[in-house]
Amino acid sequence: MLSGRVALVTGAAGGIGLATSRLLLQSGAMVGAVDKSSSLKSTCDALGEEFGTSNIACLPCDVSDDDALKNVFKETSRQFGSLDIVINNAGIGDERYWKKQIKVNLQSVINGTYYAMELMSPDKGGVIVNVSSMAGLHPVSTGPVYSAVKHGVVAFTRAMKENVAEKGIRINCICPYFVDTTMGRAGLKALPEAEANEVLKNGILKPEFIAKGIMDLITDTSRNGAILRANPWQGLMYQRYKEDMKSKL
Ligand SMILES: NC(=O)C1=CN([C@@H]2O[C@H](COP(=O)(O)OP(=O)(O)OC[C@H]3O[C@@H](n4cnc5c(N)ncnc54)[C@H](O)[C@@H]3O)[C@@H](O)[C@H]2O)C=CC1
Ligand SMILES: CCCCCC(=O)CC\C=C/C=C/C=C/[C@@H](O)[C@@H](O)CCCC(=O)O
C-alpha cells in the first residue's frame with residue numbers, strides 16, 4: 001500500500017512510534033527511525049532483520065535540538081531519495097520538567113512540520129501526522145502543561161491545513177486515550193487512585209491500535225486538518241467542528 005514511500009517517525013524506539021514504524025514497514029514504506037533512546041540501534045537492527053536493512057535508517061536525535069532534528073530530516077531524504085510521510089510522535093509526560101515538555105511535545109512538532117514542508121515534493125502527496133493526546137482535547141489537572149502543549153498540537157495542526165495544502169501536503173492529528181506504553185503506564189501510576197481506577201475501568205489502548213489510526217490518517221487522502229480521537233469505548237472517531245458541519249450542509 002505504501003511501497004516506495006519514505007516515512008520519518010520520531011520516538012520510534014518504543015511505544016506508539018515503534019508500532020507505527022512496524023506498520024509502515026509492513027506496508028512497504030522505508031522508515032527513518034528517530035529517537036534519543038540508547039535502545040534505538042537494537043530496535044532498528046531487529047526491524048532491519050525483519051523488513052530488510054535497506055528499508056530502515058537508524059537516526060539517533062534529541063528532537064528538542066532544532067539543528068539535530070533538521071539534520072535527521074535531511075538525512076532521511078538523502079538516504080531514501082525523498083520524504084513523503086512524517087509522524088511527529090516523540091513526547092514526554094512529566095510535569096517536573098514542564099519546560100522540556102514544551103520543547104519536546106510542541107516545539108519539535110512545529111519544527112518537524114516546517115522541515116517536512118521544506119523537503120516534501122509538491123507532486124507526491126506528502127502527509128504529516130502529529131500525535132497529540134486526549135489531554136489535547138480535555139484539560140487534565142494532573143498534567144496542566146502536558147494538556148497545554150497537547151492542545152497546542154491540535155490547534156497547530158488545524159491552523160496549518162491550508163498552509164500545507166498549498167504545497168500539496170496534508171496534516172492530521174491523533175488524540176489517544178491512555179495507551180499501554182512506558183509513558184502510559186507512568187501516567188496511570190501518577191493519577192490519584194480513583195482516577196486511575198476509572199481509566200482501568202474504561203480500558204487501556206494498545207500501541208498497535210494507535211498505529212492503525214495513524215495509518216488511516218496517512219492513507220485517507222480526503223483527510224486534511226483532521227483530529228482523530230482514539231478511546232476504548234468508541235474506537236477511532238473524528239472530532240467534529242462547526243466548520244465541518246457548515247461544509248456538510
Ligand atoms: N501512552 C499514552 O497513554 C499516550 C501517549 N500519547 C503520546 O504518544 C506519543 C508517544 O508516546 P508513547 O509511545 O506512549 O511513549 P513512550 O515513552 O513509550 O515512547 C516515546 C518515545 O519517544 C522518545 N523520546 C522522548 N523524548 C524524546 C526526545 N527529546 N527526542 C527523541 N526521542 C524522544 C522516547 O525515547 C521513546 O522511545 C507521545 O507524544 C505521547 O504524548 C498520547 C496519548 C496517550
Ligand atoms: C502526563 C502523562 C499522560 C499519559 C499519556 C496520555 O496522554 C494519556 C491520556 C491523557 C488524558 C486523558 C484524558 C481523559 C479525559 C476523560 O475525562 C474523558 O472525558 C475523555 C473523553 C474521550 C473522548 O473525548 O474521546
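The values are calculated or read from the model by the stated rules, or taken from the named source; none is laboratory data. Just so it is clear, the structure is predicted and the values come from calculations on it, not from any experiment. Cβ coordinates were reconstructed from backbone atoms using ideal geometry, including for glycine residues, and neighbour counts include every protein chain displayed. When the accessible area is computed, the model is the full protein with side chains, heavy atoms only, and any ligands, DNA or RNA have been set aside. Shrake-Rupley method; radii C 1.70, N 1.55, O 1.52, S 1.80 Å.
Data overview
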quantity: For the chain: accessible area per residue (Å², 1.4 Å); calculated: 46
quantity: Table column - 3J(HN,Hα) (Hz), the range 104-115, Karplus curve with 6.51, -1.76, 1.60, x for Gly and Pro; calculated: 6, 7, 10, 4, 5, 5, 5, 4, x, 5, 5, 5
quantity: Over the range 1-91 - Rg/Rh using Cα atoms and the Kirkwood inverse-distance radius; calculated: 0.92
quantity: Carbon and sulfur %, accessible surface of the chain computed with the full protein complex present, 1.4 Å; calculated: 54
quantity: Partner aspartates and glutamates for residue 161 [C-alpha distance under 19 Å; skip if fewer than 8 residues away on the same chain]; calculated: 84, 118, 123, 216, 220, 243, 244
quantity: Relative contact order (%) - the range 134-249, alpha-carbon pairs under 8 angstrom, separation at least six; calculated: 28
quantity: Cα-derived Rg over Rh, computed across the range 196-237 with Rh taken as Kirkwood radius; calculated: 1.06
quantity: Distance violations [Cα-Cα > 31 Å] among 167/206; 41/167; 41/103; 74/189; 36/206; calculated: 167/206; 41/167; 74/189
quantity: Cα centroid separation, the range 91-138 to the range 1-76 (Å); calculated: 16
quantity: Three semi-axes of the equivalent ellipsoid, the chain, Cα gyration tensor, whole Å, largest first; calculated: 26, 22, 17
quantity: Diffusion constant of the range 38-135 at 37 °C, which comes from Stokes-Einstein with the Kirkwood Cα-pair radius and 0.692 mPa s, µm²/s; calculated: 224
quantity: With all protein chains modelled, accessible area of residue 23 [1.4 Å, Å²]; calculated: 40
quantity: Rounded to the nearest 20 debye, dipole of the range 3-129 from Cβ charges on Lys, Arg, Asp, Glu; calculated: 140
quantity: The chain - Cys residues lacking any other Cys C-beta under 4.7 Å; calculated: 61, 173, 175
quantity: Taking all pairs of distinct alpha-carbon atoms in the range 120-249, Kirkwood radius in angstrom; calculated: 15.6
quantity: Relative contact order of the chain, pairs being alpha-carbon contacts under 8 Å that are 6 or more residues apart, as %; calculated: 17
